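Visitor: Here you go, one structure.
Readers should treat all values here as calculations from the given coordinates under stated rules, not as data from a laboratory. Computed from a predicted model, the values in this text were never measured in an experiment.
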Amino acid sequence: MGKEDCGMIPVLDALWFTFYLLMFFGLLALIRLVIGPTVPDRVVGLDAMTTITVAAMIVLAAIMEEPIIVDIALVYALLSFVATLYIARYLRRKKEGLQ
């Protein structure tokens, strides 16, 4: 009984499909980033892009069997979170007229 007989999709193919799907969603987030009529819409697009990038990095780490990429993705996610907080703080101060 080989792989073809069991009727299951190989895991590697499923991971590649997931990776390509994440790239498509990243393209949609990029469109939101560029088209976004307001600054908060663009911030949401940027945050979505960074989240999708982290997910794609983790899937790529599983495909390549390189666990170090997961560590890099975690650091990138933390930096992205901090950057989102600073952007939100800047926008709030700008709205209140403090800057």
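Visitor: Helix 39-64: angle to the longest alpha-carbon principal axis of the chain, degrees 0 to 90, nearest 10?
Guide: That works out to roughly 20 degrees.
Visitor: Would you mind calculating the gained length between Trp16 and Lys94 on full extension (0.36 nm times residue separation, minus the Cα-Cα distance), in nm to one decimal?
Guide: Working: separation 78, 0.36 × 78 = 28.08 nm, distance 4.26 nm.
Using 0.36 nm per residue and subtracting the Cα-Cα distance, I get 23.8 nm.
Visitor: Show that you can apply the helix-only estimate: for the chain, add -39,500 (n - 2.57) for every DSSP H stretch of four or more residues, divide by all residues, and state [θ] at 222 nm to the nearest 500.
Guide: Values: 4 runs with 84 residues, N = 99.
Calculated from helices alone, the mean residue ellipticity at 222 nm is -29500 deg cm²/dmol.
Visitor: By how many nm would the segment from Ile9 to Ile68 lengthen if fully extended, with 0.36 nm per residue of separation less the alpha-carbon distance? Don't skip to the end; give the middle numbers.
Guide: Numbers: separation 59, 0.36 × 59 = 21.24 nm, distance 2.65 nm.
Full extension from Ile9 to Ile68 adds 18.6 nm.
Visitor: Can you tell me the length gained on complete extension of the stretch Val34 to Val75, counting 0.36 nm per residue apart and subtracting the Cα distance? Kindly include the intermediate steps, with their values, before the conclusion.
Guide: Values: separation 41, 0.36 × 41 = 14.76 nm, distance 2.55 nm.
Using 0.36 nm per residue and subtracting the Cα-Cα distance, I get 12.2 nm.
Visitor: To the nearest 10 degrees, how steeply does helix 11-35 sit against the main Cα axis of the chain, on a 0 to 90 scale?
Guide: The answer is roughly 20 degrees.
Visitor: Averaged across orientations, what area in nm² does the convex hull of the alpha carbons in the stretch 10-96 project?
Guide: Numbers: hull surface 23.0 nm².
Its Cα hull, projected and averaged over all orientations, spans 5.8 nm².
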